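Before any comments, here is the structure.
The values are calculated or read from the model by the stated rules, or taken from the named source; none is laboratory data. Only a predicted model underlies this, so the values are computations on that prediction, with no experimental measurement involved. Don't worry about glycine lacking a Cβ; one is built from the backbone with ideal geometry, like all the others, and counts go over all protein chains shown. Areas reflect the complete protein model, heavy atoms only, side chains present, ligands, DNA and RNA absent. Shrake-Rupley method; radii C 1.70, N 1.55, O 1.52, S 1.80 Å.
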Amino acid sequence: MSTLGKIPATVITGFLGAGKTSLIRNLIENANGKRIALIINEFGDLGVDGDLLKGCGDETCSDDDIVELANGCICCTVADDFLPTIQYLLDREKRPDHIIVETSGLALPKPLVRAFGWPEVRTQVTVDGVITVVDGPAFRDGLFASNPEAVQEQREADENLNHDSPLEELFEDQLNCADLIILNKSDLLSEDELASAEAALKEQIRPAVKLVKTSHGKINHSILLGLEAAAEDDLDVRKSHHDETDDHEHDDFDSFVVTLPNPDTPETLVERLQKAIESHGILRVKGFIAVAGKDMRLVVQGVGNRIQHYYDREWQDGETPTSQLVVIGEQGLDEQAISALIRG
Ligand SMILES: [Zn+2]
């Protein structure tokens, strides 16, 4: 699928302390007027990253371009948190030129990238690249993270995290999913240590993946952005420890359209939608409804079991007021049963 016209998104992963924040800060400071939106999910040091970046004083990085997702692991809360946030960024009047997602190293990168395949997102956003920041000295010492205890605390603090993978596995997942590896804090390694770290990493990463050495997260943004990897399209080549036992509920998505008779009131419809959402794996509902006897068009949007509705405008001349909803959910949705519930 072409990436033309889509907003590029860069996923940055790596454990707490690896240097993701300074890398991102650096990026923003050298954005050359590019409007960058940031989604931050480093909830271990809650607020710190956001504050750091908000305080950067750069005019291209305004506060409302920074969204912190503090409800837990980004790959475990993908439908409740992450996707609505992307949608929010896309719905804004000034769309970002580039989206950067900073994940905590505890998130599985692959399900996150897969979420970009969500039907409404896929047509508008592409994963420009997955960048894994490796903590040089921690890697040399076989620790993966500079402070494993802090990472463990971060894990325990997250009630929504539903995968209990050892650091080593998470680290390998981060490497396997990457389009670019940043070997950070390389100034703290001797030349020999650098060479052997590089050799060891290269053995683990996919052949075409580049490795770049940095100190203090300093790197030219043209190396980080514009990788045009379209990672959402080649997930199969990105091996993961969780491929077979993926306990995430967002493997692949199904969607279909339901045309229904015009309801008497919005409430009747909402009630039916709630029933359908409760009994089926529906993640999202969206569409326009013609309420009987109303001149206005009703917009309906449901994420999880939160259903919003409002009248947005009058039905125009030449339009036939009809009611249609798009239903999106996990693969294997029972279209017939759901349609029957919604039609009432
Ligand atoms: Zn997760």
Do any residues in region 101-115 that are within 20 Å of residue 25 (Cβ to Cβ) have Cβ atoms under 7 Å from those of residues that are within 9 Å of the ligand (Cβ to nearest atom) and part of a helix (DSSP H, G or I), where the two are at least six apart or on different chains, and which pairs are they?
103/112
Here are the criteria: (1) surrounded by fewer than 17 Cβ atoms within 10 Å (Cβ to Cβ); (2) in contact with a strand residue (DSSP E or B) (Cβ under 9 Å, 6 or more places away or on another chain); (3) of a type outside the set (S, T, N, Q). Tell me which single one residue 307 does not satisfy.
(1)
Cβ contacts < 8 Å: first residue within 17 Å of residue 71 (Cα to Cα) and open to solvent by 100 Å² or more (accessible area, probe 1.4 Å), restricted to region 148-161; second residue within 14 Å of the ligand (Cβ to nearest atom) and part of a helix (DSSP H, G or I), any location; separation 6+ or different chain. Result?
153/44
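So which strands (runs of 3 or more DSSP E) stay within region 248-344 end to end and still have 2 or more residues that are of a type in the set (Lys, Arg) and in contact (Cβ under 8 Å) with a residue 40 or more places away in the chain? So that I can check it myself, show each step before the final result.
Values: elements: 253-260, 282-290, 296-303, 306-314, 323-330.
So the answer is 282-290.
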Looking across region 64-78 at residues that are open to solvent by 20 Å² or more (accessible area, probe 1.4 Å) and within 12 Å of the ligand (Cβ to nearest atom), the single one that is nearest to residue 40 (Cα to Cα) is 71
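Return the residues of region 195-210 that are open to solvent by 30 Å² or more (accessible area, probe 1.4 Å) and not acidic (Asp, Glu); say none if nothing qualifies. Can you show your working first?
To start, the set of residues in region 195-210 that are open to solvent by 30 Å² or more (accessible area, probe 1.4 Å) comprises 195-196, 198-200, 202-204, 206-208, 210.
Scanning region 195-210 gives 195, 196, 199, 200, 202, 204, 206, 207, 208, 210.
So if I check each of 123, 103, 85, which one is within 16 Å of the ligand (Cβ to nearest atom) and surrounded by fewer than 24 Cβ atoms within 10 Å (Cβ to Cβ)? Full working, then the answer.
On the way: 123 fails: within 16 Å of the ligand (Cβ to nearest atom); 103 fails: surrounded by fewer than 24 Cβ atoms within 10 Å (Cβ to Cβ).
Just a single option satisfies the conditions, and that option is 85.
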